[in-house]
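Asker: Quick one: the structure is below, and I'll ask about it shortly.
The values are calculated or read from the model by the stated rules, or taken from the named source; none is laboratory data. This one's a predicted model, so the numbers in the text were calculated from it and none came from an experiment. With ideal geometry, Cβ positions are generated from the backbone for all residues, glycine too; neighbour counts draw on all protein chains shown. To get the accessible areas, we keep the full protein, side chains included, count just its heavy atoms, and leave off ligands, DNA and RNA. Shrake-Rupley method; radii C 1.70, N 1.55, O 1.52, S 1.80 Å.
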Amino acid sequence: MRKGSRVPFGRTLAVLASVLLASLIGPGAVANASGGHPPRHGCECVTPSIDRLQHWLASGEGTTVPPTGSLLVRERGGYAAKVIFLNAEWHVVVVWLGNQFEAQADLSKSAGFWMTYSATDDLYVQLRPASHWSGGDKWLTKVPSTGGKIVKKFFSFKADAWTTLPELGTPGYSFASALTEARGLVFVGKTPNKLDFRGLSIDRYRPPCR
(Lines give C-alpha, C1' and ligand atoms only; values in the text may rest on other atoms or scores of the structure.)
Protein backbone atom coordinates (compact mmCIF):
# COMPACT_ATOMS: atom_id res chain seq x y z
CA MET A 1 0.00 0.00 0.00
CA ARG A 2 1.25 3.44 -0.90
CA LYS A 3 1.94 5.84 1.96
CA GLY A 4 -0.41 8.51 0.59
CA SER A 5 -3.41 6.14 0.51
CA ARG A 6 -3.50 5.68 4.29
CA VAL A 7 -5.06 9.11 4.94
CA PRO A 8 -8.36 8.62 3.04
CA PHE A 9 -8.64 5.05 4.38
CA GLY A 10 -8.25 6.35 7.97
CA ARG A 11 -10.92 8.98 7.39
CA THR A 12 -13.29 6.40 5.91
CA LEU A 13 -12.74 4.14 8.91
CA ALA A 14 -13.50 7.00 11.33
CA VAL A 15 -16.76 7.82 9.50
CA LEU A 16 -17.86 4.18 9.56
CA ALA A 17 -17.06 3.95 13.29
CA SER A 18 -19.12 7.05 14.09
CA VAL A 19 -22.12 5.74 12.08
CA LEU A 20 -21.89 2.38 13.84
CA LEU A 21 -21.70 4.07 17.26
CA ALA A 22 -24.75 6.21 16.54
CA SER A 23 -26.76 3.15 15.43
CA LEU A 24 -25.82 1.29 18.60
CA ILE A 25 -26.60 3.96 21.17
CA GLY A 26 -29.71 5.36 19.42
CA PRO A 27 -31.12 8.88 19.41
CA GLY A 28 -32.36 8.67 23.00
CA ALA A 29 -28.89 8.04 24.34
CA VAL A 30 -27.49 10.94 22.30
CA ALA A 31 -30.13 13.27 23.74
CA ASN A 32 -29.39 12.18 27.29
CA ALA A 33 -25.69 12.67 26.77
CA SER A 34 -26.34 16.39 26.37
CA GLY A 35 -26.96 16.67 30.11
CA GLY A 36 -30.79 16.57 30.05
CA HIS A 37 -32.80 14.85 32.79
CA PRO A 38 -33.62 11.27 31.66
CA PRO A 39 -37.42 10.82 31.87
CA ARG A 40 -38.75 8.11 34.19
CA HIS A 41 -42.16 7.77 32.54
CA GLY A 42 -42.08 8.14 28.78
CA CYS A 43 -40.89 11.71 28.18
CA GLU A 44 -41.37 14.75 30.35
CA CYS A 45 -43.64 17.61 29.33
CA VAL A 46 -42.34 20.76 27.66
CA THR A 47 -43.33 22.76 30.75
CA PRO A 48 -41.96 21.75 34.20
CA SER A 49 -43.14 18.30 35.32
CA ILE A 50 -42.27 15.28 37.42
CA ASP A 51 -43.12 12.00 35.68
CA ARG A 52 -45.34 14.12 33.39
CA LEU A 53 -47.30 15.54 36.35
CA GLN A 54 -47.25 19.31 35.78
CA HIS A 55 -49.32 20.64 38.68
CA TRP A 56 -47.92 20.27 42.21
CA LEU A 57 -49.72 22.96 44.16
CA ALA A 58 -49.80 24.50 47.61
CA SER A 59 -53.52 25.03 48.17
CA GLY A 60 -53.29 27.84 50.73
CA GLU A 61 -54.72 25.59 53.46
CA GLY A 62 -52.34 25.62 56.40
CA THR A 63 -49.18 27.68 56.71
CA THR A 64 -46.72 26.49 54.07
CA VAL A 65 -43.64 27.68 52.18
CA PRO A 66 -44.52 28.53 49.46
CA PRO A 67 -47.96 29.63 50.70
CA THR A 68 -49.74 28.98 47.37
CA GLY A 69 -48.93 28.07 43.77
CA SER A 70 -46.51 25.67 42.15
CA LEU A 71 -43.99 23.69 44.20
CA LEU A 72 -41.82 22.82 41.20
CA VAL A 73 -38.18 23.94 41.23
CA ARG A 74 -35.18 23.05 39.09
CA GLU A 75 -33.17 20.16 40.48
CA ARG A 76 -30.12 18.64 38.73
CA GLY A 77 -31.41 18.99 35.19
CA GLY A 78 -34.96 17.98 36.12
CA TYR A 79 -37.57 19.16 38.59
CA ALA A 80 -38.49 18.54 42.22
CA ALA A 81 -41.58 19.62 44.17
CA LYS A 82 -40.60 21.16 47.51
CA VAL A 83 -42.75 22.49 50.33
CA ILE A 84 -42.43 23.14 54.06
CA PHE A 85 -45.34 22.68 56.47
CA LEU A 86 -45.26 25.10 59.39
CA ASN A 87 -47.17 24.96 62.69
CA ALA A 88 -49.44 22.27 64.15
CA GLU A 89 -52.33 22.61 61.73
CA TRP A 90 -53.64 20.81 58.65
CA HIS A 91 -51.74 21.55 55.46
CA VAL A 92 -52.85 20.58 51.94
CA VAL A 93 -50.77 19.97 48.79
CA VAL A 94 -52.50 18.94 45.56
CA VAL A 95 -51.32 16.99 42.48
CA TRP A 96 -53.72 17.04 39.52
CA LEU A 97 -53.49 13.62 37.84
CA GLY A 98 -54.80 14.82 34.47
CA ASN A 99 -52.81 18.07 34.58
CA GLN A 100 -55.94 20.22 34.76
CA PHE A 101 -58.59 20.46 37.44
CA GLU A 102 -61.48 19.25 35.27
CA ALA A 103 -59.66 16.08 34.16
CA GLN A 104 -59.91 12.68 35.81
CA ALA A 105 -58.27 9.27 35.39
CA ASP A 106 -59.52 5.69 35.65
CA LEU A 107 -56.98 3.95 37.87
CA SER A 108 -59.06 0.82 38.49
CA LYS A 109 -56.53 -1.32 36.57
CA SER A 110 -53.51 0.21 38.29
CA ALA A 111 -51.64 -1.66 41.04
CA GLY A 112 -50.51 1.58 42.69
CA PHE A 113 -47.75 4.13 42.35
CA TRP A 114 -44.03 4.51 43.06
CA MET A 115 -43.03 7.71 44.80
CA THR A 116 -39.54 9.07 45.33
CA TYR A 117 -39.57 11.58 48.15
CA SER A 118 -38.22 12.76 51.48
CA ALA A 119 -40.20 13.81 54.56
CA THR A 120 -39.13 14.83 58.04
CA ASP A 121 -42.42 13.63 59.60
CA ASP A 122 -45.34 11.34 58.76
CA LEU A 123 -48.18 12.62 56.59
CA TYR A 124 -51.02 11.17 54.47
CA VAL A 125 -52.03 11.08 50.83
CA GLN A 126 -55.68 11.13 49.84
CA LEU A 127 -57.13 9.83 46.59
CA ARG A 128 -59.78 12.40 45.68
CA PRO A 129 -62.43 11.56 43.06
CA ALA A 130 -63.99 14.13 40.74
CA SER A 131 -67.50 13.64 42.15
CA HIS A 132 -66.38 14.14 45.78
CA TRP A 133 -63.47 16.53 45.46
CA SER A 134 -64.05 18.93 48.32
CA GLY A 135 -63.79 18.22 52.03
CA GLY A 136 -61.42 16.21 54.17
CA ASP A 137 -63.53 13.03 54.38
CA LYS A 138 -61.49 11.00 51.88
CA TRP A 139 -59.79 7.62 51.63
CA LEU A 140 -56.14 8.00 52.55
CA THR A 141 -52.96 6.08 53.25
CA LYS A 142 -49.96 6.94 55.38
CA VAL A 143 -46.82 8.42 53.85
CA PRO A 144 -44.11 7.58 56.40
CA SER A 145 -41.30 9.91 57.40
CA THR A 146 -37.96 9.22 55.76
CA GLY A 147 -35.95 11.20 58.29
CA GLY A 148 -35.18 13.70 55.56
CA LYS A 149 -33.59 11.10 53.26
CA ILE A 150 -34.69 10.56 49.66
CA VAL A 151 -36.32 7.12 49.31
CA LYS A 152 -38.43 5.31 46.71
CA LYS A 153 -41.56 3.60 48.04
CA PHE A 154 -44.51 1.77 46.48
CA PHE A 155 -48.06 2.68 47.53
CA SER A 156 -50.63 0.01 46.66
CA PHE A 157 -54.13 0.69 45.36
CA LYS A 158 -55.49 -2.36 47.18
CA ALA A 159 -58.52 -1.27 49.19
CA ASP A 160 -57.17 -2.64 52.48
CA ALA A 161 -54.13 -0.33 52.17
CA TRP A 162 -56.39 2.74 52.44
CA THR A 163 -58.26 3.95 55.49
CA THR A 164 -59.90 7.04 57.04
CA LEU A 165 -59.19 9.41 59.91
CA PRO A 166 -61.98 10.13 62.44
CA GLU A 167 -60.84 13.76 62.60
CA LEU A 168 -61.37 14.22 58.87
CA GLY A 169 -64.51 12.12 58.50
CA THR A 170 -65.60 8.97 56.66
CA PRO A 171 -66.33 9.19 52.92
CA GLY A 172 -69.76 8.17 51.69
CA TYR A 173 -68.39 6.24 48.72
CA SER A 174 -66.13 3.21 48.22
CA PHE A 175 -62.44 3.34 47.53
CA ALA A 176 -63.03 1.26 44.37
CA SER A 177 -65.36 3.93 42.98
CA ALA A 178 -62.81 6.65 43.74
CA LEU A 179 -60.24 4.84 41.61
CA THR A 180 -62.50 5.02 38.55
CA GLU A 181 -62.68 8.84 38.63
CA ALA A 182 -59.45 9.94 40.28
CA ARG A 183 -58.90 13.68 39.92
CA GLY A 184 -55.92 14.13 42.19
CA LEU A 185 -53.61 12.91 44.90
CA VAL A 186 -53.77 15.28 47.86
CA PHE A 187 -51.05 15.29 50.53
CA VAL A 188 -52.21 16.33 53.99
CA GLY A 189 -50.35 16.64 57.28
CA LYS A 190 -50.94 18.25 60.66
CA THR A 191 -47.36 18.64 61.86
CA PRO A 192 -44.36 20.69 60.75
CA ASN A 193 -42.71 18.88 57.87
CA LYS A 194 -40.17 19.42 55.12
CA LEU A 195 -41.14 17.62 51.91
CA ASP A 196 -39.21 16.98 48.71
CA PHE A 197 -40.85 15.00 45.88
CA ARG A 198 -38.66 13.69 43.05
CA GLY A 199 -40.86 11.09 41.36
CA LEU A 200 -44.44 9.83 41.19
CA SER A 201 -45.00 7.12 38.62
CA ILE A 202 -48.46 5.50 38.47
CA ASP A 203 -48.80 1.93 37.23
CA ARG A 204 -50.64 1.75 33.87
CA TYR A 205 -51.26 5.48 33.69
CA ARG A 206 -49.45 8.07 31.58
CA PRO A 207 -50.46 11.65 32.39
CA PRO A 208 -51.26 13.81 29.34
CA CYS A 209 -49.16 16.93 28.95
CA ARG A 210 -51.24 20.12 28.74
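Asker: Please find the FRET efficiency linking R206 to A88, where r is the Cβ-Cβ separation and R0 is fixed at 41 Å, and quote it to the nearest 0.05. Walk me through the numbers on the way to the answer.
Answerer: On the way: r = 38 Å, r/R0 = 0.93.
The calculated FRET efficiency here is 0.60.
Asker: Which FRET efficiency value, to the nearest 0.05, is calculated for K109 and T163 with the Förster distance at 25 angstrom and r the Cβ-Cβ distance?
Answerer: 0.65
Asker: Related question: Seen from all sides and averaged, what is the projected area of the convex hull of the Cα atoms in the stretch 80-210, in nm²? List each step's numbers first, then the result.
Answerer: On the way: hull surface 29.9 nm².
About 7.5 nm², averaged over all directions.
Asker: Round to the nearest 10 and report in Å² the accessible area of E102, as given by a 1.4 Å probe over the protein chains' heavy atoms.
Answerer: Rounded to the nearest 10, the figure is 130 Å².
Asker: Given a cut-off of 22 Å, name the pairs among K109/K138; K158/K194; K82/K138; K158/K190; K82/K109 whose C-alpha atoms lie farther apart than that in the structure shown. Walk me through the numbers before you get to the answer.
Answerer: On the way: K109/K138 20 Å; K158/K194 28 Å; K82/K138 24 Å; K158/K190 25 Å; K82/K109 30 Å.
In this structure, K158/K194; K82/K138; K158/K190; K82/K109 lie more than 22 Å apart at Cα.
Asker: Can you tell me how much longer the chain between R76 and T170 gets when fully stretched, taken as 0.36 nm per residue apart minus their C-alpha distance, in nm with one decimal? The partial results should precede the final answer.
Answerer: On the way: separation 94, 0.36 × 94 = 33.84 nm, distance 4.09 nm.
Using 0.36 nm per residue and subtracting the Cα-Cα distance, I get 29.7 nm.
Asker: Grab the beta carbon distance between V151 and Q100, set R0 = 35 Å, and tell me the FRET efficiency rounded to 0.05.
Answerer: On the way: r = 30 Å, r/R0 = 0.85.
The calculated FRET efficiency here is 0.75.
Asker: Same structure, new question: Sort D160, D137 by accessible area with a 1.4 Å probe, largest first. Intermediate values should be presented prior to the final figure.
Answerer: Working: D160 140, D137 55 Å².
From most accessible down to least: D160, D137.
Asker: Give the cross-link partners of K153 among the aspartates and glutamates, using a straight C-alpha distance below 16 Å as the criterion and excluding same-chain residues fewer than 8 apart.
Answerer: The qualifying aspartates and glutamates are D51, D121, D122, D196, D203.
Asker: In whole angstrom, note down how far apart the Cα centers of the stretch 183-204 and the stretch 37-115 are.
Answerer: Result: 7 Å between the Cα centres.
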